[in-house]
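Below is one structure, written out as structure tokens, with a few remarks after it.
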Amino acid sequence: MTEAVLVGDIGGTHARLARVDATGVHDAIKLRNDDHASMQALVEAWRTRTGGDLPRRAAFAVAGPITGDVVAWTNRPWSFSTASLQRLLGFDELVVLNDFEAVAWALPELGDDERIHLGGPPDGAPDAPMSALGPGTGLGVSLVVRTRDAARAVATEGGHVALAPADAEEAAVITAAFGTGRVAAEPVLCGRGLARLYATLAGLATPPAPETVTVAACAGHDAHAVAAVTLYLRLLGRYAGDVALMHGARGGVFLVGSILQTLAPLLPGSPLRSAFEDKALMRAWIREVPLWQVTAPEPALVGAAAALGVHRARSVTPPTGGTT
């Protein structure tokens, strides 16, 4: 009988909880945070929905920096004490990690059917670091440091580094959309950033929902949406290449998130990879870095289990309970 652990990916809006063992992901459920009063209430709701006892060990990925016992979300007025939560729920072990740290833990677990190759050699350098980044409500960035015998995920706040335009046209659009002075990568490369790029190009006072832009761009019937997405992917590709340089990520860069899932049909013909490789003196170096899109539906759940030393089968069942 294989050990089961409870894992969770707790964002600002939704929580995804599941039980993971060596055979795979089970009892995966998505819950709305607004329907529950606390982290403890989310776990109790999962237990009620699935029945049975809680596993003895758990790992929760939280959308915020983890700097001590007290954990707080960046975009939600929740917090909890790890030690107190462990005691209240009766876990023998409770690990709390940043949500993109959990995604990084998942990278070595990915099967060939859980990623799409977007450029570079298909095999990265063995034992080299790998980077994960993903635009969504914010911009998550993390990496995996590997040796021959082990791997270690590292959380970062890389989404808050400055984003530099490459020419006057990019500078004009970014300035119009985000103002003058220092502009960080996150507000531009998140979903709301794409919507603001679109509004700037279309001359709109109020940006639409990001999904409106991605769907219109894929349909090809809105020239402003196509232009905004093209610019967005060029900026994202250049930024991803910068992350590869900073992390020494010759093991590969992995793009994660629902925005890129929607834009998947456009990625092969986009400037994403060419911008990724546009690194002047380091062009030859970065051409050897693989670029991947992660298609596994819940990588943070898989990664949270891996952080506890539990490695699962290659397929993941999406959680029930609504859309993101």
Would you list the strands (runs of 3 or more DSSP E) that sit entirely within the stretch 44-163 and hold 2 or more residues that are surrounded by fewer than 21 Cβ atoms within 10 Å (Cβ to Cβ)? 70-72, 79-81, 93-98, 115-119, 139-146, 151-155
Residue hits (the stretch 175-191; surrounded by 13 or more Cβ atoms within 10 Å (Cβ to Cβ) and without any contact (Cβ under 8 Å) to a residue 24 or more places away in the chain) are THR175, ALA177, PHE178, VAL183, PRO187
Residue that is farthest from the chain's Cα centre (by Cα), among those in the stretch 1-17 that are of a type in the set (A, V, I, L, M) and at pLDDT below 95: MET1
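What do you reckon, is VAL25 at pLDDT below 95 and of a type outside the set (Asp, Glu)?
Taking the combined requirement at face value, the residue satisfies it.
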Considering residues that are in a strand (DSSP E or B) and touching a residue at least 40 places away in the same chain (Cβ under 8 Å), the number found within the stretch 18-35 is 11
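For (1) in the same structural domain as ILE259 (by TED's automatic domain parsing); (2) hydrophobic (A, V, I, L, M, F, W, C); (3) under 24 Å from ALA227 (Cβ atoms), each residue gets a yes or a no:
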{"position": "LEU139", "(1), (2), (3)": "yes, yes, yes"}
{"position": "LEU143", "(1), (2), (3)": "yes, yes, no"}
{"position": "ALA150", "(1), (2), (3)": "yes, yes, no"}
{"position": "ALA155", "(1), (2), (3)": "yes, yes, no"}
{"position": "LEU163", "(1), (2), (3)": "yes, yes, yes"}
{"position": "ALA166", "(1), (2), (3)": "yes, yes, yes"}
{"position": "GLU170", "(1), (2), (3)": "yes, no, yes"}
{"position": "PHE178", "(1), (2), (3)": "yes, yes, yes"}
{"position": "ARG182", "(1), (2), (3)": "yes, no, no"}
Among ALA217, ALA227, the single one that is among the small types (Gly, Ala, Ser) and either buried (at least 19 other Cβ atoms within 10 Å of the Cβ) or at positive phi (or both) is ALA217
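The values are calculated or read from the model by the stated rules, or taken from the named source; none is laboratory data. Treat the numbers as computed from the prediction; the structure is a model and nothing was measured. Note that we place each Cβ from the backbone using ideal geometry, even for glycine, and neighbour counts take in every protein chain shown.
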